[in-house]
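Structure first, then comments.
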Amino acid sequence: MDGRDLLAQRFEEHRPRLKAVAYRMLGSLSEAEDAVQEAWLKLSRADHERVENLGGWLTTVVGRVCLDLLRSRKQRGEQPLDVQGADTHVPDPEVGPLRDGRDVVDPEQEALLADSVGLALLVVLDTLSPAERLAFVLHDMFAVPFEDIAPIVERAPAATRQLASRARRRVRDADPEPGADTDRTRQREVVEAFLAAARKGDFDALLELLDPGVVLRADGGAAGGLSRLVRGATAVVAGARSFAKLAPTTYLALVNGKVGQIAVHDGKPFSVGEFTVRDGRIVEINILADQDRLRDLVDARTVAAVTSADPAGGADGTPPATG
(Lines give C-alpha, C1' and ligand atoms only; values in the text may rest on other atoms or scores of the structure.)
Protein backbone atom coordinates (compact mmCIF):
# COMPACT_ATOMS: atom_id res chain seq x y z
CA MET A 1 0.00 0.00 0.00
CA ASP A 2 1.54 3.32 -1.06
CA GLY A 3 1.37 6.57 0.89
CA ARG A 4 -1.71 7.94 -0.90
CA ASP A 5 -3.65 4.71 -0.41
CA LEU A 6 -2.78 4.75 3.28
CA LEU A 7 -3.88 8.37 3.54
CA ALA A 8 -7.17 7.55 1.83
CA GLN A 9 -7.71 4.68 4.24
CA ARG A 10 -7.12 6.94 7.23
CA PHE A 11 -9.50 9.53 5.75
CA GLU A 12 -12.24 6.94 5.30
CA GLU A 13 -11.98 6.11 9.00
CA HIS A 14 -12.95 9.71 9.76
CA ARG A 15 -15.60 10.07 7.03
CA PRO A 16 -18.67 9.09 9.13
CA ARG A 17 -17.88 11.65 11.82
CA LEU A 18 -17.05 14.34 9.26
CA LYS A 19 -20.32 13.80 7.42
CA ALA A 20 -22.20 13.88 10.72
CA VAL A 21 -20.60 17.25 11.52
CA ALA A 22 -21.39 18.63 8.05
CA TYR A 23 -25.00 17.37 8.12
CA ARG A 24 -25.68 19.06 11.44
CA MET A 25 -24.07 22.24 10.13
CA LEU A 26 -25.88 22.32 6.79
CA GLY A 27 -29.05 20.23 7.09
CA SER A 28 -28.36 19.01 3.56
CA LEU A 29 -27.07 15.52 2.81
CA SER A 30 -25.70 16.44 -0.61
CA GLU A 31 -23.94 19.56 0.67
CA ALA A 32 -22.57 17.57 3.60
CA GLU A 33 -21.08 15.05 1.17
CA ASP A 34 -19.59 17.90 -0.86
CA ALA A 35 -18.04 19.41 2.28
CA VAL A 36 -16.45 16.09 3.19
CA GLN A 37 -15.12 15.68 -0.33
CA GLU A 38 -13.63 19.17 -0.16
CA ALA A 39 -11.87 18.15 3.06
CA TRP A 40 -10.34 15.17 1.25
CA LEU A 41 -9.10 17.39 -1.57
CA LYS A 42 -7.49 19.77 0.91
CA LEU A 43 -5.90 16.86 2.77
CA SER A 44 -4.53 15.32 -0.43
CA ARG A 45 -2.83 18.63 -1.26
CA ALA A 46 -1.55 19.32 2.26
CA ASP A 47 1.68 18.26 3.94
CA HIS A 48 -0.26 15.66 5.90
CA GLU A 49 2.82 14.17 7.54
CA ARG A 50 3.01 17.29 9.68
CA VAL A 51 -0.59 16.89 10.87
CA GLU A 52 -0.43 15.50 14.42
CA ASN A 53 -4.18 15.16 15.03
CA LEU A 54 -5.76 14.15 11.73
CA GLY A 55 -9.30 13.95 13.12
CA GLY A 56 -9.09 17.42 14.62
CA TRP A 57 -7.52 18.84 11.48
CA LEU A 58 -10.24 17.38 9.25
CA THR A 59 -13.01 18.54 11.58
CA THR A 60 -11.59 22.07 11.41
CA VAL A 61 -11.45 21.94 7.61
CA VAL A 62 -15.04 20.70 7.35
CA GLY A 63 -16.11 23.39 9.81
CA ARG A 64 -14.53 26.11 7.66
CA VAL A 65 -16.14 24.75 4.49
CA CYS A 66 -19.56 24.58 6.14
CA LEU A 67 -19.21 28.07 7.59
CA ASP A 68 -18.45 29.46 4.14
CA LEU A 69 -21.49 27.66 2.69
CA LEU A 70 -23.78 28.99 5.42
CA ARG A 71 -22.51 32.54 4.91
CA SER A 72 -23.00 32.18 1.16
CA ARG A 73 -26.59 31.05 1.73
CA LYS A 74 -27.27 34.08 3.87
CA GLN A 75 -25.79 36.47 1.31
CA ARG A 76 -28.02 34.93 -1.37
CA GLY A 77 -31.07 35.27 0.83
CA GLU A 78 -31.45 31.51 1.23
CA GLN A 79 -31.07 31.36 4.99
CA PRO A 80 -34.33 29.95 6.43
CA LEU A 81 -36.49 32.38 8.38
CA ASP A 82 -36.94 32.27 12.13
CA VAL A 83 -38.69 29.11 13.24
CA GLN A 84 -41.37 31.26 14.86
CA GLY A 85 -42.21 32.85 11.53
CA ALA A 86 -43.98 31.45 8.50
CA ASP A 87 -41.09 29.18 7.61
CA THR A 88 -41.84 25.84 6.01
CA HIS A 89 -38.33 24.64 5.11
CA VAL A 90 -37.66 21.05 6.19
CA PRO A 91 -34.01 19.87 6.17
CA ASP A 92 -33.01 16.72 4.31
CA PRO A 93 -34.24 13.58 6.10
CA GLU A 94 -32.16 10.43 6.47
CA VAL A 95 -34.58 7.58 5.69
CA GLY A 96 -34.24 3.84 6.33
CA PRO A 97 -36.37 0.77 7.00
CA LEU A 98 -37.80 -0.12 10.41
CA ARG A 99 -37.83 -3.84 11.17
CA ASP A 100 -39.41 -5.02 14.42
CA GLY A 101 -38.47 -1.71 16.00
CA ARG A 102 -34.82 -2.09 14.94
CA ASP A 103 -33.20 0.20 12.41
CA VAL A 104 -30.97 -1.30 9.76
CA VAL A 105 -28.25 1.19 8.86
CA ASP A 106 -24.64 1.20 7.74
CA PRO A 107 -21.88 2.78 9.88
CA GLU A 108 -22.09 6.11 8.04
CA GLN A 109 -25.84 6.31 8.61
CA GLU A 110 -25.33 5.39 12.26
CA ALA A 111 -23.02 8.39 12.66
CA LEU A 112 -25.65 10.64 11.06
CA LEU A 113 -28.39 9.29 13.31
CA ALA A 114 -26.37 9.31 16.53
CA ASP A 115 -27.98 11.11 19.47
CA SER A 116 -31.31 11.26 17.60
CA VAL A 117 -30.56 14.51 15.80
CA GLY A 118 -34.03 14.95 14.35
CA LEU A 119 -35.42 17.31 11.76
CA ALA A 120 -37.03 19.36 14.52
CA LEU A 121 -33.60 20.20 15.96
CA LEU A 122 -32.17 20.91 12.51
CA VAL A 123 -35.03 23.36 11.91
CA VAL A 124 -33.99 25.21 15.07
CA LEU A 125 -30.33 25.17 14.06
CA ASP A 126 -31.37 26.87 10.81
CA THR A 127 -32.40 29.93 12.86
CA LEU A 128 -28.87 30.48 14.22
CA SER A 129 -26.28 32.70 12.63
CA PRO A 130 -23.53 30.78 10.79
CA ALA A 131 -20.98 31.46 13.53
CA GLU A 132 -23.42 30.50 16.30
CA ARG A 133 -24.29 27.28 14.54
CA LEU A 134 -20.66 26.35 14.07
CA ALA A 135 -19.78 27.04 17.70
CA PHE A 136 -22.79 25.12 18.99
CA VAL A 137 -22.43 22.11 16.69
CA LEU A 138 -18.68 21.68 17.13
CA HIS A 139 -18.61 22.28 20.88
CA ASP A 140 -21.94 20.99 22.19
CA MET A 141 -22.39 18.09 19.76
CA PHE A 142 -18.80 17.04 19.06
CA ALA A 143 -16.87 18.32 22.12
CA VAL A 144 -14.43 20.41 20.11
CA PRO A 145 -12.64 22.85 22.47
CA PHE A 146 -13.40 26.54 22.07
CA GLU A 147 -9.69 27.16 21.55
CA ASP A 148 -9.91 25.11 18.35
CA ILE A 149 -13.17 26.68 17.19
CA ALA A 150 -12.07 30.27 17.74
CA PRO A 151 -9.72 30.51 14.71
CA ILE A 152 -12.48 29.21 12.42
CA VAL A 153 -14.92 31.98 13.41
CA GLU A 154 -12.08 34.50 13.77
CA ARG A 155 -12.89 35.32 17.38
CA ALA A 156 -11.18 34.93 20.73
CA PRO A 157 -12.02 31.77 22.70
CA ALA A 158 -14.09 33.78 25.19
CA ALA A 159 -16.16 35.34 22.40
CA THR A 160 -16.55 31.92 20.81
CA ARG A 161 -17.85 30.60 24.11
CA GLN A 162 -20.44 33.40 24.10
CA LEU A 163 -21.53 32.41 20.57
CA ALA A 164 -22.18 28.87 21.74
CA SER A 165 -23.96 30.11 24.85
CA ARG A 166 -26.35 32.29 22.81
CA ALA A 167 -26.98 29.42 20.44
CA ARG A 168 -27.63 27.06 23.34
CA ARG A 169 -30.26 29.39 24.80
CA ARG A 170 -32.03 29.71 21.44
CA VAL A 171 -31.99 25.96 20.92
CA ARG A 172 -33.29 25.37 24.44
CA ASP A 173 -36.10 27.90 24.02
CA ALA A 174 -37.24 26.69 20.61
CA ASP A 175 -36.35 23.00 20.49
CA PRO A 176 -39.33 20.65 21.01
CA GLU A 177 -37.06 17.65 21.60
CA PRO A 178 -36.00 18.05 25.27
CA GLY A 179 -37.87 15.35 27.14
CA ALA A 180 -38.92 13.67 23.88
CA ASP A 181 -39.51 9.92 23.97
CA THR A 182 -36.40 8.12 22.72
CA ASP A 183 -37.82 4.62 23.08
CA ARG A 184 -38.62 3.58 19.52
CA THR A 185 -41.19 1.04 20.70
CA ARG A 186 -43.13 3.86 22.36
CA GLN A 187 -42.63 6.13 19.35
CA ARG A 188 -43.96 3.39 17.10
CA GLU A 189 -47.07 2.92 19.23
CA VAL A 190 -47.92 6.61 19.03
CA VAL A 191 -47.17 6.98 15.32
CA GLU A 192 -49.13 3.84 14.43
CA ALA A 193 -52.07 5.05 16.49
CA PHE A 194 -51.92 8.44 14.78
CA LEU A 195 -51.84 6.95 11.29
CA ALA A 196 -54.67 4.54 12.13
CA ALA A 197 -56.82 7.39 13.44
CA ALA A 198 -56.02 9.46 10.36
CA ARG A 199 -57.02 6.62 8.02
CA LYS A 200 -60.32 6.19 9.83
CA GLY A 201 -60.98 9.92 10.00
CA ASP A 202 -61.23 9.62 13.78
CA PHE A 203 -60.48 13.23 14.66
CA ASP A 204 -61.26 12.80 18.37
CA ALA A 205 -58.54 10.16 18.53
CA LEU A 206 -56.20 12.46 16.62
CA LEU A 207 -56.76 15.22 19.15
CA GLU A 208 -55.89 12.82 21.96
CA LEU A 209 -52.61 11.94 20.26
CA LEU A 210 -51.56 15.53 19.53
CA ASP A 211 -50.06 17.91 22.05
CA PRO A 212 -52.21 21.09 22.26
CA GLY A 213 -49.25 23.12 21.02
CA VAL A 214 -48.25 20.74 18.23
CA VAL A 215 -46.52 22.23 15.18
CA LEU A 216 -46.91 20.74 11.70
CA ARG A 217 -44.46 21.92 9.06
CA ALA A 218 -44.87 20.75 5.46
CA ASP A 219 -42.33 21.58 2.75
CA GLY A 220 -43.74 21.03 -0.72
CA GLY A 221 -40.96 22.81 -2.56
CA ALA A 222 -42.16 24.48 -5.75
CA ALA A 223 -45.54 22.74 -5.67
CA GLY A 224 -48.15 25.38 -4.95
CA GLY A 225 -50.31 24.90 -1.88
CA LEU A 226 -48.33 22.05 -0.32
CA SER A 227 -46.07 24.11 1.95
CA ARG A 228 -47.62 25.20 5.20
CA LEU A 229 -46.96 25.82 8.87
CA VAL A 230 -49.80 24.86 11.21
CA ARG A 231 -49.83 25.38 14.97
CA GLY A 232 -52.15 23.81 17.51
CA ALA A 233 -53.89 20.44 17.67
CA THR A 234 -57.25 21.72 16.49
CA ALA A 235 -55.72 23.42 13.45
CA VAL A 236 -53.65 20.34 12.58
CA VAL A 237 -56.70 18.09 12.78
CA ALA A 238 -58.79 20.56 10.78
CA GLY A 239 -56.25 20.40 7.98
CA ALA A 240 -56.08 16.61 8.04
CA ARG A 241 -58.73 16.21 5.34
CA SER A 242 -56.69 18.16 2.81
CA PHE A 243 -53.60 16.11 3.61
CA ALA A 244 -55.63 12.90 3.31
CA LYS A 245 -56.63 13.78 -0.24
CA LEU A 246 -52.98 14.20 -1.23
CA ALA A 247 -51.40 11.29 0.58
CA PRO A 248 -50.95 7.89 -1.06
CA THR A 249 -50.10 4.65 0.78
CA THR A 250 -47.95 5.26 3.86
CA TYR A 251 -45.38 3.01 5.54
CA LEU A 252 -43.52 3.23 8.80
CA ALA A 253 -39.86 4.14 8.38
CA LEU A 254 -36.85 5.27 10.34
CA VAL A 255 -36.44 9.01 9.83
CA ASN A 256 -33.39 10.62 11.45
CA GLY A 257 -33.37 7.97 14.13
CA LYS A 258 -37.08 8.25 14.95
CA VAL A 259 -40.12 6.25 13.94
CA GLY A 260 -41.63 8.20 11.06
CA GLN A 261 -43.40 7.57 7.79
CA ILE A 262 -42.85 7.52 4.06
CA ALA A 263 -45.75 7.90 1.63
CA VAL A 264 -45.29 6.06 -1.66
CA HIS A 265 -47.06 6.49 -4.98
CA ASP A 266 -46.33 4.25 -7.99
CA GLY A 267 -43.22 2.98 -6.27
CA LYS A 268 -41.82 6.45 -5.77
CA PRO A 269 -41.57 8.55 -2.59
CA PHE A 270 -44.38 11.08 -2.30
CA SER A 271 -43.47 12.44 1.14
CA VAL A 272 -41.43 11.69 4.25
CA GLY A 273 -42.70 12.57 7.71
CA GLU A 274 -40.90 12.76 11.05
CA PHE A 275 -42.71 12.82 14.41
CA THR A 276 -41.41 14.17 17.71
CA VAL A 277 -43.19 12.40 20.58
CA ARG A 278 -43.17 13.57 24.19
CA ASP A 279 -45.16 12.07 27.06
CA GLY A 280 -47.13 9.92 24.63
CA ARG A 281 -48.22 12.83 22.44
CA ILE A 282 -46.92 14.26 19.19
CA VAL A 283 -45.39 17.72 19.66
CA GLU A 284 -44.02 18.29 16.16
CA ILE A 285 -44.50 16.86 12.67
CA ASN A 286 -42.09 17.69 9.85
CA ILE A 287 -43.04 16.61 6.34
CA LEU A 288 -40.93 16.85 3.20
CA ALA A 289 -43.05 16.63 0.04
CA ASP A 290 -40.68 18.39 -2.34
CA GLN A 291 -40.60 15.95 -5.25
CA ASP A 292 -37.33 17.26 -6.67
CA ARG A 293 -35.49 16.76 -3.39
CA LEU A 294 -37.14 13.42 -2.61
CA ARG A 295 -35.96 11.99 -5.92
CA ASP A 296 -32.38 12.63 -4.85
CA LEU A 297 -32.82 11.67 -1.19
CA VAL A 298 -34.86 8.45 -1.35
CA ASP A 299 -33.86 5.95 -4.03
CA ALA A 300 -35.76 2.88 -5.23
CA ARG A 301 -33.72 0.56 -3.02
CA THR A 302 -34.71 2.51 0.09
CA VAL A 303 -38.38 2.52 -0.94
CA ALA A 304 -38.25 -1.24 -1.47
CA ALA A 305 -36.57 -1.81 1.90
CA VAL A 306 -39.10 0.36 3.73
CA THR A 307 -42.17 -1.17 2.09
CA SER A 308 -40.95 -4.72 2.65
CA ALA A 309 -40.15 -3.96 6.30
CA ASP A 310 -43.68 -2.62 6.89
CA PRO A 311 -45.91 -4.73 4.61
CA ALA A 312 -49.05 -3.69 6.51
CA GLY A 313 -48.56 -0.01 5.74
CA GLY A 314 -51.73 1.56 4.39
CA ALA A 315 -53.32 -1.89 4.39
CA ASP A 316 -56.87 -0.61 4.48
CA GLY A 317 -56.30 1.37 1.29
CA THR A 318 -57.37 4.64 2.93
CA PRO A 319 -54.80 7.43 2.59
CA PRO A 320 -53.50 8.72 5.91
CA ALA A 321 -53.79 12.34 6.87
CA THR A 322 -50.14 13.33 6.82
CA GLY A 323 -48.98 13.48 3.22
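Could you pull out the pairs from 42/74; 19/268; 19/200; 19/258 whose alpha carbons sit more than 29 Å apart here? Working shown, then result.
Working: 42/74 25 Å; 19/268 26 Å; 19/200 41 Å; 19/258 19 Å.
In this structure, 19/200 lie more than 29 Å apart at Cα.
Once you place label points 7 Å from the Cα toward the Cβ at residue 30 and residue 265, how far apart are they in nm?
Inter-label distance under the simple model: 2.1 nm.
Ignoring everything but the protein chains, give the 1.4 Å probe accessible area of residue 264 in square angstrom, nearest 10.
20
The values are calculated or read from the model by the stated rules, or taken from the named source; none is laboratory data. Small disclaimer: the values here were computed from a predicted structure and weren't measured. We place every Cβ from the backbone using ideal geometry, glycine too, and count neighbours over all the protein chains shown. Each accessible area value is taken on the protein alone, full model and side chains, heavy atoms only, with ligands, DNA and RNA left out. Shrake-Rupley method; radii C 1.70, N 1.55, O 1.52, S 1.80 Å.
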